Amino acid sequence: MHRLNVLHVCDHLRGDESPIRAATRFIAWMTPSFHPERVNVSVVSLAKKGPLDAAMESSGIEVTHLHKSPVDPATLTALLKIVDRRQIDLLHLHGQGAATFGRAAAALRRLPAILHEHATPATSSWFQRLADRALAPFTDMALAGSRGAASFVSDVRFVPPARVKVVYPGVPLDEFGASRTAGDIEEARRELGIGRDDFAIGTLTRLDEAAGTAHLVEAARLVIDARPQAKFLLVGDGPLRPALESQARRLGLAECCVFVGSVADDARALAAFDLSVYPSLGEDTPLTIVEALAAGTPIIATDADGVLEIVTDGHDARIVPRRDAKALADRIVAMMDDPGERARLAAHARATGSRYDIRNVTGQMEELYERLHATSRTTHRRGILETDLSFLTGRTGGRG
């Protein structure tokens, strides 16, 4: 069997502060887990070095940085040199610039190309729409992290729906599902400034509009009034952080609503939480809610479309309406008062999370790579549509 040389191309590897956090985490977690006899994987980042490089490089993954913007025409020449030098068989593309120049390189070298939309972009420029229309015929397959992202790929990126498949995020279960001693949990709580008598309500998020964090801060005031032992921890960063910090100060929450910033270990932070809350407003499936499921933490989330694709109200999470701080606060207080309900939800969350193992996603990708390599050139990119692609949604959870 021919070992495939697969090149993952992404706009950058900056990590938590990135609007494509799911993409960068996906690459960092998945690339080291490919079977070495099936796939030889390497990574190109269009930007400069980021914090996720070290983890991949320590696993033997070759990472190259082009130090270019997502619209720099010189990116194509640089990318083609890497494709030729590494004798690449297939390109897997993450981010708008990567999708543009990666598909152009695939067209010029007659290679299979996978466009992977992890989250729905807030905007699509006229240049991007023009490039997407021109490059759609050179897209063998498009993968989307939610149904909303799949619709975006079809409607805005002009990829025919038959070529778009929903593949939900995966996480390393051995990391997020690992059992932790009471001492481990106490140390994790201490690192986040959680007192012995505090009830820790945490969220792992990017602080942007789609995350809905302003509604969580508003709910925090109501919760603190009813249960003073509550402590809110907002883990992550993003463009709305200054506004959210100002909101918390205005509501008198400076001591009990802590903006932690980015952390190196999401799993460790989740272990410190008594309750995880995700007030998402958007259509995408938050990677962080998959992390919380795998970690087995009790979850409260909103009825955002992408959330409802992977959790079920009353089974593995409690669901409240979007943009309703009062409903969110009431549910948090009810969960604080009911340790039995928290334990029940946590157990079901862990069971649901077990379906989202990154190794399952890796297996899906290996099979997809091999089918594309076997059929793309010989059938002028039509062959993949004539095969059974049910394996793409059959090994992980979700309802897509």
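The values are calculated or read from the model by the stated rules, or taken from the named source; none is laboratory data. Remember, predicted model here, so these are calculated numbers, not experimental data. Note that each Cβ is placed from the backbone with ideal geometry, even for glycine, and that neighbours are counted across all protein chains shown.
Points to keep in mind about this one:
- Being assigned by TED's automatic domain parsing to the domain that holds D197, in contact with a Lys or Arg (Cβ under 9 Å, 6 or more places away or on another chain), aliphatic (A, V, I, L, M) and under 24 Å from S179 (Cβ atoms) holds for only one residue in I299, I289, and it is I299.
- Scanning the stretch 153-187 for residues that are touching a Lys or Arg at 6+ places or on another chain (Cβ under 8 Å) and within 15 Å of M141 (Cα to Cα) turns up F158, V166.
- Only one of R377, R344, R359, R350 that is modelled with pLDDT under 95, of a type in the set (D, E, K, R) and assigned to a helix (DSSP H, G or I): R359
- Checking the stated criteria, F158 turns out to be in a loop (DSSP other than H, G, I, E, B) and outside the structural domain of A230 (by TED's automatic domain parsing).
- For R344, the stated conditions hold: it is surrounded by fewer than 18 Cβ atoms within 10 Å (Cβ to Cβ) and either charged (D, E, K, R) or over 30 Å from L216 (Cα atoms) (or both).
- Each residue in the stretch 83-124 was checked for being over 23 Å from the mean Cα position of the chain (by Cα) and either at negative phi or without any contact (Cβ under 8 Å) to a residue 24 or more places away in the chain (or both), and 14 of them qualify.
- Residues of the stretch 315-343 that turn out to be within 24 Å of the chain's Cα centre (by Cα) and farther than 17 Å from A211 by Cβ, as a count: 3
- Top-ranked residue of the stretch 68-90 - restricted to ones that are surrounded by fewer than 18 Cβ atoms within 10 Å (Cβ to Cβ) and β-branched (V, I, T), ranked as farthest from H373 (Cα to Cα): V71
- Screening the candidates G195, G212, G183 for the property of being surrounded by fewer than 20 Cβ atoms within 10 Å (Cβ to Cβ) and either outside the structural domain of I332 (by TED's automatic domain parsing) or more than 26 Å from A351 (Cα to Cα) (or both) yields one hit, G195.
- In the stretch 369-398, residue farthest from V166 (Cα to Cα) [restricted to those that are touching a residue at least 40 places away in the same chain (Cβ under 8 Å) and out of contact with any helix residue (DSSP H, G or I) (no Cβ under 7 Å at 6 or more places or on another chain)]: R377
- Among the residues making up the stretch 252-266, a single one is out of contact with any strand residue (DSSP E or B) (no Cβ under 8 Å at 6 or more places or on another chain) and either under 21 Å from P339 (Cα atoms) or modelled with pLDDT of 95 or more (or both): G252.
- The listed residues are A119, A142, A149, and the only one of them that is under 30 Å from D303 (Cβ atoms), of a type in the set (A, V, I, L, M) and part of a loop (DSSP other than H, G, I, E, B) turns out to be A119.
- Verdict on A301 being part of a helix (DSSP H, G or I), of a type in the set (A, V, I, L, M), at pLDDT 95 or above and closer than 24 Å to R221 by Cα: no
- Pairs linking a residue in the stretch 293-313 that is free of Cβ contacts under 8 Å to residues at least 12 places away in the same chain to a residue that is surrounded by fewer than 23 Cβ atoms within 10 Å (Cβ to Cβ), with Cβ atoms under 7 Å and 6 or more positions apart or on different chains, are D313/I319.
- The residues listed here are A104, A144; of these, the one that is buried (at least 19 other Cβ atoms within 10 Å of the Cβ), in contact with a helix residue (DSSP H, G or I) (Cβ under 9 Å, 6 or more places away or on another chain) and farther than 30 Å from R350 by Cβ is A104.
- Subset of the stretch 268-298 that is of a type in the set (S, T, N, Q) and either surrounded by fewer than 24 Cβ atoms within 10 Å (Cβ to Cβ) or assigned to a loop (DSSP other than H, G, I, E, B) (or both) - its residue that is modelled with the lowest pLDDT: T285
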